[in-house]
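Accompanying notes for the structure given below.
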Amino acid sequence: MTTRVGVEVSIAVADAVKMCNAEVIAAYPITPQTHIVEHLAELVANGELDAEYIPVESEHSAMSACLGSAASGARTFTATSSQGLALMNEVLPVASGMRLPIIMAVANRALSAPLSIWADHSDMMSVRDTGWIQIIVENGQQAVDNIICAFRIAEDRRVLLPVMVHLDGFNLTHVIEPIILPEQSEVNAFLPTNKYPLPLNPDKPVAMGGFAPPVIYTEAKWAQEVCIRDSKEVILACWDEFGKVFGRQYHPVEKYHSDGAKVILLTMGSISETASVAIDEMRADDENVGQVRLRLWRPFPFEELRQAVKDAEIVIVLDRAISLGGPGGPVASEVKAALYNQARRLKVVAFVGALGGRDITVAGFKNMIKKGIEIARTGSKNEYEIYGVRE
Amino acid sequence: MAKPESEMTWRDMEIGNIVTEPGSARQYESGTWRSQRPTYDFKKCIKCGICQLFCPEGCIEQNKDGNFEANLFYCKGCGICARECWPRVIKMVEEEEK
């Protein structure tokens, strides 16, 4: 019998990894991710999870150990955050280029300097082009569900790519939420055994991670691009199957009263739930506003996004990351790129805010939407608007 | 043997570019890196093989006369053999010189 329990989200994520029978965990602690790997270490030490736990000396080593583990065909998990993810950066494109299905929970946190342990999306955006599938969640239940899905997606013979599941630091990792943990038997039935097709094996030797001269590098990268692009079909099928089995359905672009709405607010991550309350209140006042939330950041869901905003005149995008000296936040850039060549041009107003753990309240989102509508009508000399900065 | 790399399309790439058969590096012509080429005055060669021992590419073999000679398909033209050859058999020349 599946029951809903009150549990810290980090602990629930670790329990989900346990239910997925991860075989190797190589990780280094960093706030606000620590509780995830701490609990996994406890599960392994107590004999509740039959896995190798490799306590490494840095995140660079953690990801390097994960490469070897995944290459041997073991189900592999790690978790990190912020500077830890930045330290892993050198190894991340190796994992995806070698097509190794590694699962990583990323507790989204601002990048230094100035030092901040609090949530924003600057870490996940800094690894945007490393070839990993990136899924972002809004609450603890979604984190648990998408960890389970991530293993199935990554290890699928048609995909074989590493997957990051992003959950906002503290806002999600350190809160206690009511979460339905599925039954072990359900997870076993949903998640097939990991069968990496060409594992390291002394009886059938292969060479991995070789070098590619100019004559073959472009072919190698294009093969990888086609793979991550095509992985969307597998991701969609996985979420459909998950919905049928567990009753919770996920989409690359989640819609909230957006069909027919003239003004759409686009958000990502935990702050989206606060934004939804603002949408509710504005709709109660007869304002024609809706919301879309990005779930899948890589591969970017171009078609689904265009569909979701097809009735809108204005899209207001909130980025929790600042692309310094650039065109605004990475999400707004992507949204603009996705819509630029459409026959019908709609206005995209970009906001950057909620940086380094700064909250945006319901009233704040209502204010942002109103300001966004005004800018869409009057225009602005700014590439984007910074939200909530004290002048 | 698989196709030569220059004929492979992106569809031919193995998962993660894994190499499944041994010896594939043999088809890589590192000789294209060369800007200088070793030339030989074999009358002076005492067949000591010191050039072969020092060659970082491992591309020096004995020819049919027993003299040591670099395989120019692989030789990168580093000139270490010429420096180490104390009977002065080997002289490096610019690639464009005949």
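The values are calculated or read from the model by the stated rules, or taken from the named source; none is laboratory data. Source: prediction; values computed, not measured. Glycine also receives a Cβ, built like all others from the backbone with ideal geometry; neighbour counts cover every protein chain displayed.
Restricting attention to segment A:191-200, the residues that are out of contact with any Lys or Arg (no Cβ under 7 Å at 6 or more places or on another chain) and in contact (Cβ under 8 Å) with a residue 24 or more places away in the chain add up to 5. Summed over segment A:150-175, residues that are within 20 Å of residue A:19 (Cα to Cα) and within 14 Å of chain B (Cβ to nearest Cβ) total 4. Pairing each residue of segment A:2-14 that is assigned by TED's automatic domain parsing to the domain that holds residue A:150 and more than 17 Å from residue A:48 (Cβ to Cβ) with any residue that is hydroxyl-bearing (Ser, Thr, Tyr) and surrounded by fewer than 24 Cβ atoms within 10 Å (Cβ to Cβ), provided the two are 6+ apart or on different chains, yields no C-beta distance under 8 Å. Scoring residue A:159 on the criteria (1) hydrophobic (A, V, I, L, M, F, W, C); (2) crowded, with 21+ Cβ neighbours inside 10 Å; (3) out of contact with any Asp or Glu (no Cβ under 9 Å at 6 or more places or on another chain); (4) assigned to a loop (DSSP other than H, G, I, E, B) leaves a single failure, condition (3).
Across segment A:216-241, the qualifying residues are those that are among the polar types (S, T, N, Q) and within 13 Å of chain B (Cβ to nearest Cβ), and the one among them that is farthest from the chain's Cα centre (by Cα) is A:218.
Would you point out which residue out of A:178, A:197, A:182, A:213 is more than 10 Å from chain B (Cβ to nearest Cβ), surrounded by fewer than 17 Cβ atoms within 10 Å (Cβ to Cβ) and out of contact with any Cys (no Cβ under 7 Å at 6 or more places or on another chain)? Spell out the reasoning first.
Working: A:197 fails: more than 10 Å from chain B (Cβ to nearest Cβ); A:182 fails: surrounded by fewer than 17 Cβ atoms within 10 Å (Cβ to Cβ); A:213 fails: more than 10 Å from chain B (Cβ to nearest Cβ).
Just a single option satisfies the conditions, and that option is A:178.
Here residue A:33 meets the list (1) in contact with an Asp or Glu (Cβ under 9 Å, 6 or more places away or on another chain); (2) in contact (Cβ under 8 Å) with a residue 40 or more places away in the chain; (3) over 25 Å from residue A:193 (Cβ atoms) almost entirely, failing just condition (1).
Can you say whether residue A:375 is outside the structural domain of residue A:32 (by TED's automatic domain parsing), of a type in the set (A, V, I, L, M) and in contact (Cβ under 8 Å) with a residue 40 or more places away in the chain, as far as the supplied structure shows?
no
When each of A:169, A:209 is tested for being assigned by TED's automatic domain parsing to the domain that holds residue A:13 and touching a Pro at 6+ places or on another chain (Cβ under 6 Å), the lone residue that passes is A:169.
Here is a yes/no grid of residues against (1) at pLDDT below 95; (2) surrounded by 13 or more Cβ atoms within 10 Å (Cβ to Cβ):
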| position | (1), (2) |
| --- | --- |
| A:328 | yes, yes |
| A:335 | no, yes |
| A:339 | no, yes |
| A:348 | no, yes |
| A:360 | no, yes |
| A:367 | no, yes |
| A:375 | no, yes |
| A:378 | no, no |
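Of all the criteria given as (1) within 30 Å of residue A:115 (Cβ to Cβ); (2) in contact with a strand residue (DSSP E or B) (Cβ under 7 Å, 6 or more places away or on another chain); (3) without any contact (Cβ under 8 Å) to a residue 24 or more places away in the chain, the one not satisfied by residue A:367 is (2). Across segment A:167-221, the number of residues qualifying as assigned to a loop (DSSP other than H, G, I, E, B) and either aromatic (Phe, Trp, Tyr) or in contact with a His (Cβ under 6 Å, 6 or more places away or on another chain) (or both) comes to 3.
Can you work out which of the residues in segment B:1-24 that are more than 8 Å from chain A (Cβ to nearest Cβ) and surrounded by fewer than 13 Cβ atoms within 10 Å (Cβ to Cβ) is modelled with the lowest pLDDT? Show your work before the answer.
Step one: list which residues in segment B:1-24 are more than 8 Å from chain A (Cβ to nearest Cβ), which gives B:1-4, B:7, B:21, B:23.
Add one more test, that the residue is surrounded by fewer than 13 Cβ atoms within 10 Å (Cβ to Cβ), and what stays is B:1, B:3-4, B:7, B:21, B:23.
Numbers: B:1: 46, B:3: 79, B:4: 81, B:7: 93, B:21: 86, B:23: 85.
Taking the candidates together, the pick is B:1.
Among the residues making up segment A:1-57, those that are more than 21 Å from the chain's Cα centre (by Cα) and among the polar types (S, T, N, Q) are A:2, A:3, A:21, A:46.
Taking the listed residues A:72, A:81, the one that is polar (S, T, N, Q), in contact (Cβ under 8 Å) with a residue 60 or more places away in the chain and surrounded by fewer than 23 Cβ atoms within 10 Å (Cβ to Cβ) is A:72, with no other qualifying.
Tell me, yes or no, whether segment A:249-268 has at least one residue that is without any contact (Cβ under 8 Å) to a residue 12 or more places away in the chain and either out of contact with any Ser or Thr (no Cβ under 6 Å at 6 or more places or on another chain) or more than 10 Å from every other protein chain (Cβ to nearest Cβ) (or both).
Our first condition is that a residue be without any contact (Cβ under 8 Å) to a residue 12 or more places away in the chain; within segment A:249-268, this holds for A:249.
This time we only want the ones that are either out of contact with any Ser or Thr (no Cβ under 6 Å at 6 or more places or on another chain) or more than 10 Å from every other protein chain (Cβ to nearest Cβ) (or both), so: A:249.
Yes - at least one qualifying residue is present in segment A:249-268.
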